[in-house]
Amino acid sequence: DAKTTQPPSMDCAEGRAANLPCNHSTISGNEYVYWYRQIHSQGPQYIIHGLKNNETNEMASLIITEDRKSSTLILPHATLRDTAVYYCIVRIKAAGNKLTFGGGTRVLVKP
Amino acid sequence: SAVISQKPSRDICQRGTSLTIQCQVDSQVTMMFWYRQQPGQSLTLIATANQGSEATYESGFVIDKFPISRPNLTFSTLTVSNMSPEDSSIYLCSAWDGWNTEAFFGQGTRLTVV
């Protein structure tokens, strides 16, 4: 699986959009970009994934650049409950393919 | 979606002893995964557990230390053997949904070895 690079930490204001960047310059054509988050003392939680098109669900939006070498997770209206570590992972979508977690970005939402 | 239950949620164990962690999924899944999360660190995959065959271990993890059972498509156990304080971590179980789209995680077992 391709390696990802994320900033170690970032702060954002409650109610504002949080934009979390991820670099994956060695991503292969069949690798998807996945985002997970881990709220303190809980198991990781799936947020969203995409291949090359932008994706949106009830939690977030995922913007993938045209060359697929980077992506941005957008939390449109951050709340205090969004404080967590966010992991960007690239993975081939096939049975048995594991998730390899990097360091993630520790996001602190401030009032 | 799948629900994954882990037991115990936490334990404090004496060094030299072993602890078996149970993972129950509310639906049948092909593969289950065991992760370790050391204090302040990210998740590291220990092994992949397939039903009916031996688990596949990642580099740095061996079967004698972390034996895994997978008796059916909804259940797995991880044993942490001959524990030392360095084994103090959170151990997490995971499985993919039927469409291989979303991985679900248990809430983890917080192990402290004294």
Exercise for review: Identify all residues within the range B:4-48 that are surrounded by 15 or more Cβ atoms within 10 Å (Cβ to Cβ), within 14 Å of chain A (Cβ to nearest Cβ) and within 20 Å of residue B:112 (Cα to Cα); write none if there are none.
Suggested key: B:6, B:21, B:23, B:34, B:35, B:36, B:37, B:42, B:43, B:44, B:45, B:46
Check your understanding: within 13 Å of the chain's Cα centre (by Cα), within 30 Å of residue B:50 (Cβ to Cβ) and surrounded by 17 or more Cβ atoms within 10 Å (Cβ to Cβ), is that true of residue A:43?
Key -> no
Revision key, fill the gap. Flagged in the range A:68-111 as surrounded by fewer than 19 Cβ atoms within 10 Å (Cβ to Cβ) and under 15 Å from residue B:44 (Cα atoms), in numbering order, are A:97, A:100, A:102, A:103
Practice item. Among the numbered conditions (1) among the polar types (S, T, N, Q); (2) at negative phi; (3) at pLDDT below 95, tell me where residue A:41 comes up short. Key: (2)
Revision key, fill the gap. Selection from the range A:46-59 of residues under 16 Å from residue A:90 (Cβ atoms), more than 11 Å from chain B (Cβ to nearest Cβ) and part of a strand (DSSP E or B) yields A:50, A:55
Check your understanding: Going through the range B:87-100 one residue at a time, which ones are of a type outside the set (Gly, Ala, Ser) and either more than 7 Å from chain A (Cβ to nearest Cβ) or in contact with a helix residue (DSSP H, G or I) (Cβ under 9 Å, 6 or more places away or on another chain) (or both)?
Key -> B:87, B:90, B:91, B:93, B:96, B:97, B:99
Study note, to complete from the structure: Selection over the range A:60-111 where residues are modelled with pLDDT of 95 or more, in a loop (DSSP other than H, G, I, E, B) and hydrophobic (A, V, I, L, M, F, W, C) yields a count of 2
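The values are calculated or read from the model by the stated rules, or taken from the named source; none is laboratory data. Quantities reported herein were computed from a predicted structural model and do not represent experimental measurements. Reconstructed Cβ throughout: ideal geometry from the backbone, glycine too, with neighbour counts over all protein chains shown.
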